[in-house]
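This report concerns only the one structure given below.
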């Protein structure tokens, strides 16, 4: 009798887990991470450091990456905001660090 109860409980748990897995549907029209990355890449414009607003340069100086070597600077024109991205190398690791137009830190992503 105990074995039968365990078997039934086990089967019920299996059905619940399988049902939950199938219930998670993916919207086929939702953009993928890769598509979003490509969209961001297409709106990136390489700029010179002199073109970066003073507020953004101040924001960069206030972070702990001011000692890192800035290799590239980009302006990202997104639908709802503009970001400035600095590609820097710090301790052998390449980073993409983003700031908004007011110089506030937004995001940091390791590139290598």
Residue 43 passes all but one of the listed conditions (1) modelled with pLDDT under 90; (2) surrounded by 12 or more Cβ atoms within 10 Å (Cβ to Cβ); (3) closer than 17 Å to residue 109 by Cα; the exception is number (3)
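Can you tell me how many residues in segment 63-88 are outside any loop (DSSP other than H, G, I, E, B) and at pLDDT below 90?
Qualifying residue count, segment 63-88: 2.
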Restricting attention to segment 84-99, which residues are free of Cβ contacts under 8 Å to residues at least 24 places away in the same chain and touching a strand residue (DSSP E or B) at 6+ places or on another chain (Cβ under 7 Å)?
88, 89, 93, 94, 96, 98
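The values are calculated or read from the model by the stated rules, or taken from the named source; none is laboratory data. Just so we're clear, the structure is a prediction, and the values are computed from it rather than from any experiment. We place every Cβ from the backbone using ideal geometry, glycine too, and count neighbours over all the protein chains shown.
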